[in-house]
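These notes are about the structure you will find just below.
We did not get these values from a lab; they are worked out from the coordinates using the rules stated. Owing to the predicted nature of the structure, the values given are computational and were not obtained by experimental measurement. In this analysis, Cβ positions are derived from the backbone assuming ideal geometry, glycine residues included, and neighbour counts consider all displayed protein chains.
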Amino acid sequence: QVVTVEVLDHLEQLALVDFRDAEGVERLKKAIQFADQLHEVNTEGVEPMDSVLEDRCLYLREDDVTEGNCTSELLKNAREKVEEYFVAPPGNIPLPKLEERETFLKGS
């Protein structure tokens with residue numbers, strides 16, 4: 001399958017994943033090939049499901065708090081934080097320019 005610049009751009013925006021280098025593009029191609037195997041499965045007459053457990057009752061446990069007041073201890077694990085919140089990457093990674101991605105696609 002051919003991965004176009006437009007597909008890369010769309011996937012990067014959806015997943016916040018950077019396909020800036022040839023290795024990232026190659027990994028994406030392999031993932032697409034793997035997912036394409038699903039087209040070989042005969043699903044004729046199979047009704048769509050919301051969950052594989054939709055015919056079962058899910059028993060939930062009580063939400064009992066056993067520990068607490070450990071905010072400062074948890075925030076020590078954060079690479080980056082603002083006030084008392086984790087800054088979640090990779091949303092702050094600048095995406096490459098379209099020209100750069102075209103170069104990687106031609107080389108792969």
Report summary line: By the mean-Cβ-within-10 Å protection proxy, highest first, 62-69, 37-44, 78-85 rank as 78-85, 37-44, 62-69
Report summary line: Per 5 angstrom bin, beginning at 0 and ending with the bin that holds the maximum distance, the Cα pairs of the range 1-40 fall in percents of 5, 23, 32, 26, 10, 4, 0
Requested in this report: Using 0.36 nm per residue of separation minus the Cα-Cα distance, give me the extension gain between residue 60 and residue 21 in nm, one decimal.
Outcome: 9.6 nm
Report task. Multiply the residue gap between residue 35 and residue 70 by 0.36 nm, knock off their C-alpha separation, and tell me the result in nm, one decimal place. Result -> 8.4 nm
